[in-house]
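Structure first, commentary second.
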Amino acid sequence: MTASGATPRPIGVFDSGLGGLTVLRALLDLLPGEPVVYFGDTGRFPYGSKPRDDVLKYSVEIADLLVHRYDAKMLVVACNSATAAGLEVLRAHADVPVVGVIEPGVRAAAKVTRSGRVGVIGTVGTIASGAYQRVARENGAGLELTCAACPGFVELVESGDIESDQVHVLAERLLAPVHEARVDTLVLGCTHYPLLARTISDVMGRDVVLVSSADETAFEVRAMLQPGVLPAGPDRAAVPAHTFLTSGDRDMFRTLGARFLGPEVETVTEWQW
Ligand code: DGL
């Protein structure tokens, strides 16, 4: 309850599955007083290899669920593939503010690069969409982007394999284009990739700064919670109750969710479309 006695409206966060919990971690750390309702579309996972129209349709369905049924006051699209597929469509569709992860990722890279040569890795859908290149052009920081799709990375993370020889060999092959482009900054343009950071860093070399959009996305959300614009949650002394929804198996979500997020994943509700 807020000081006025009203139930605080949650921030709606969604992803194709569990990866968005890496973004949620940053959000909860920065805004500990905000209640969150998280939807992981594990029943229709993955998004990164699906046609854009399918990903867009799923995203609109989830946005409607979070806003109309769970009264979300804003939406965080904590999925690069969904952001790439149609952030603008979602913004036009939803009657609450919508934050994606691509603009924050590009901004974070622009802040740390010295040479301006920036690599971006992501799913096939994200890279093929050209969304990172478009946002970088619009950002006006003069970044020279080299993008590479990394099919297979997500599946390895989901299976819990983040440091084996197999991951290393695959990473050497898939990261070759960004390595050869001599980037000094690499955007982890997929919610799963922060869990592969050690292997990616081994392959890229210690001088290459790895950037994930999670922190920058959380800053963007905080900036939007302004009095008179969007009300912030109760003060941080109150521990808010979070809601976790999955379109797949509840037990699997809870077990793997704790790996991505931590102990906050308690009660998980299965959602049937
Ligand atoms: N969450 C997706 C992303 O950030 C990765 C998993 C998927 O392919 O759905 O692109």
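The values are calculated or read from the model by the stated rules, or taken from the named source; none is laboratory data. None of the values given here were measured: they were computed from a predicted structure. Cβ coordinates were reconstructed from backbone atoms using ideal geometry, including for glycine residues, and neighbour counts include every protein chain displayed.
Annotations
- Every residue from the stretch 17-51 that is polar (S, T, N, Q) and crowded, with 21+ Cβ neighbours inside 10 Å: Thr22, Thr42
- Candidate set from the stretch 247-261 (those that are of a type outside the set (A, V, I, L, M, F, W, C) and more than 16 Å from the chain's Cα centre (by Cα)); member that is nearest to Arg69 (Cα to Cα): Ser247
Matching residues to (1) farther than 20 Å from Arg259 by Cβ; (2) within 12 Å of the ligand (Cβ to nearest atom):
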site: Arg9; (1), (2): yes, no
site: Asp15; (1), (2): no, yes
site: Gly20; (1), (2): no, yes
site: Arg25; (1), (2): no, no
site: Leu28; (1), (2): no, no
site: Leu31; (1), (2): yes, no
site: Asp41; (1), (2): no, yes
site: Phe45; (1), (2): no, yes
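- Count of the stretch 68-97 residues which are surrounded by fewer than 22 Cβ atoms within 10 Å (Cβ to Cβ) and β-branched (Val, Ile, Thr): 2
- Every listed requirement among (1) β-branched (Val, Ile, Thr); (2) assigned to a helix (DSSP H, G or I); (3) more than 13 Å from the ligand (Cβ to nearest atom) is met by Val37 save one, (2).
- Selection of strands (runs of 3 or more DSSP E) fully inside the stretch 199-273 by the criterion of at least 1 residues being crowded, with 20+ Cβ neighbours inside 10 Å, of a type outside the set (Val, Ile, Thr) and modelled with pLDDT under 95 returns 209-212.
- Of all residues in the stretch 138-166, those that are away from the ligand (no atom under 16 Å from the Cβ) and of a type outside the set (Ser, Thr, Tyr) total 11.
- Test result for Pro8, under 21 Å from Ala232 (Cα atoms) and either at pLDDT below 95 or not in a helix (DSSP H, G or I) (or both): yes
- Among the numbered conditions (1) assigned to a loop (DSSP other than H, G, I, E, B); (2) under 13 Å from the mean Cα position of the chain (by Cα), the only one that Ala26 does not meet is (1).
- For the stretch 161-195, a tally of residues being in a loop (DSSP other than H, G, I, E, B) and touching a residue at least 60 places away in the same chain (Cβ under 8 Å) returns 7.
- Lone qualifier among Ala84, Ala63, Ala72 - being among the small types (Gly, Ala, Ser) and within 19 Å of Leu188 (Cα to Cα): Ala84
- Gly48 being of a type in the set (Gly, Ala, Ser), in contact (Cβ under 8 Å) with a residue 60 or more places away in the chain and within 27 Å of Ala223 (Cβ to Cβ): no
- Of all residues in the stretch 76-133, exactly one satisfies the criterion of being within 16 Å of the ligand (Cβ to nearest atom) and charged (D, E, K, R), namely Glu103.
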